[in-house]
Amino acid sequence: MATSISQAVPIVFVVDDDISVRESLELLVRCEGWEAETYASAQEFLIRPRPLVPCCLVLDVSLPGLNGLDLQERLALERTDMPIMFITGHGDVPTSVRAMKGGAVEFLEKPLKRNVLLDAIRESLDRSRLALAREMEMHALRNRYASLTLRERQVMALVVSGLLNKQVAGELGISEITVKAHRGQVMQKMQAGSFADLVKIAVRLGPHRALNSANSAHVAA
């Protein structure tokens with residue numbers, strides 16, 4: 001999956017109510033080998049389903065209806081993998097500060113400088129690519145964790161907490177041999193090459209999973 005993300009053609013979205021800006025930016029983007037999609041309003045853009053390829057947004061501050069800063073706030077919750085570059089013909093300090101505090105990569109004034117914009121787009125697409133790769137990795141981890149049986153989750157939680165096999169057996173009321181068998185299954189299903197790998201995986205999945213599994217172990221015992 002990470003390989004397919006790295007090979008996918010990135011999309012640069014442009015939201016600006018000025019058709020001349022949309023057309024010039026679309027041409028610039030396509031000349032760089034990226035896909036371009038343009039929209040005249042934030043509402044039109046939001047209808048478009050989230051793409052699962054590296055992407056970024058070149059966004060005008062002043063838009064009819066939902067303005068650029070309001071759209072930024074929505075995307076911060078809904079599309080965290082999509083970096084934003086603001087463009088404006090009427091820049092001011094409070095607006096630029098709000099945009100940058102909201103996580104914007106750049107705040108550029110029109111007329112746009114070609115090289116500055118392209119550099120910002122490249123940086124944004126790199127960020128998007130990394131964010132998507134991390135998301136896909138977490139999705140794969142959660143799927144592997146979901147494949148564990150309840151007992152395997154209990155064993156995993158107790159093992160990564162630092163208990164020895166004998167101690168895990170005592171906690172669960174099962175034999176040490178059974179613990180070893182479950183532990184082997186956990187290592188295989190979670191694709192962990194070592195105990196250290198398993199601990200790292202548990203940390204990435206979040207402490208609540210281990211805690212819930214450990215608590216269920218006591219209930220089941």
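So, L63, is that one among the hydrophobic types (A, V, I, L, M, F, W, C), surrounded by 16 or more Cβ atoms within 10 Å (Cβ to Cβ) and either at pLDDT 95 or above or not assigned by TED's automatic domain parsing to the domain that holds L118 (or both) or not?
No: the conditions fail for L63.
Do the conditions hold for L205, that is, is it modelled with pLDDT under 95, surrounded by 13 or more Cβ atoms within 10 Å (Cβ to Cβ), not assigned by TED's automatic domain parsing to the domain that holds L108 and not charged (D, E, K, R)?
Working: modelled with pLDDT under 95: yes; surrounded by 13 or more Cβ atoms within 10 Å (Cβ to Cβ): yes; not assigned by TED's automatic domain parsing to the domain that holds L108: yes; not charged (D, E, K, R): yes.
It is true that L205 is modelled with pLDDT under 95, surrounded by 13 or more Cβ atoms within 10 Å (Cβ to Cβ), not assigned by TED's automatic domain parsing to the domain that holds L108 and not charged (D, E, K, R).
Can you pull out the residues in segment 1-60 that are touching a helix residue (DSSP H, G or I) at 6+ places or on another chain (Cβ under 9 Å), within 25 Å of G89 (Cβ to Cβ), surrounded by fewer than 19 Cβ atoms within 10 Å (Cβ to Cβ) and of a type in the set (D, E)?
If the condition is that a residue be touching a helix residue (DSSP H, G or I) at 6+ places or on another chain (Cβ under 9 Å), within 25 Å of G89 (Cβ to Cβ), surrounded by fewer than 19 Cβ atoms within 10 Å (Cβ to Cβ) and of a type in the set (D, E), then E32, E37 are the ones that fit.
Answer yes or no: is there a residue in segment 92-101 that is of a type outside the set (D, E), touching a strand residue (DSSP E or B) at 6+ places or on another chain (Cβ under 9 Å) and crowded, with 20+ Cβ neighbours inside 10 Å.
Looking for residues that are of a type outside the set (D, E), touching a strand residue (DSSP E or B) at 6+ places or on another chain (Cβ under 9 Å) and crowded, with 20+ Cβ neighbours inside 10 Å, one finds at least one in segment 92-101, hence yes.
Tell me the helices (runs of 4 or more DSSP H) entirely within segment 130-207 that contain at least 3 residues that are of a type in the set (A, V, I, L, M, F, W, C) and within 30 Å of A8 (Cβ to Cβ).
195-205
Do we have any residue at all in segment 135-157 that's of a type in the set (A, V, I, L, M), surrounded by 15 or more Cβ atoms within 10 Å (Cβ to Cβ), within 14 Å of the chain's Cα centre (by Cα) and more than 20 Å from V203 (Cα to Cα)?
no
The values are calculated or read from the model by the stated rules, or taken from the named source; none is laboratory data. As the structure is a prediction and not an experimental result, all values here were calculated from the model. Virtual Cβ from ideal backbone geometry, glycine too; neighbours counted across all protein chains shown.
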